[in-house]
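Some notes on the structure that comes next.
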Amino acid sequence: MPMNAQPDLARADSAQAEQDAIAEEFAFFGDWTERYQYLIDLGRKLPEFPDALKTDEYKVSGCQSQVWLVPGGDAQKLDFRAISDSAIVSGLIALLLRVYSGRPASQILDTPPRFIEAIGLAQHLSPTRSNGLASMLKRIKDEARARV
């Protein structure tokens, strides 16, 4: 995909369909330099995150960079807001939010993050970023589990 082209980012009806859409988007890029740039661009598009929410209560432990994740909603619709001080990690957050935010808690719990393998993230993230991604996923799943 040319760097100035934008994929269709319309929200898919299910977490699984969203993962398929992410895999299709990443398939357009020929190499990991382009994929990392796309991740950074996605992270830059995250909604504003108030400094008042950057508290220990919302901080995700296990991440080398600083990550804050704020849950909201209930079992029918669980929403997340999140941000990181790292550009690439913010891109990872953007992907996680696309897959899991705004979904029923049961769907969050029933949807493994297969997009990570599908787009090759597992092989291209540093061990510290992989650990951070696992920590963010755990927090999202724990929040969903607490609401079912």
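At-a-glance table
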quantity: Relative counts (whole %) of C-alpha pair distances in the chain, using bins that are 5 Å wide; calculated: 2, 10, 20, 24, 22, 15, 7, 2, 0
quantity: Relative contact order of the chain, defined on C-alpha pairs under 8 angstrom at six or more residues apart (%); calculated: 28 percent
quantity: Residues whose placed amide H lies under 5 Å from that of residue 81, excluding near-sequence neighbours; calculated: 70
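Readers should treat all values here as calculations from the given coordinates under stated rules, not as data from a laboratory. Treat the numbers as computed from the prediction; the structure is a model and nothing was measured.
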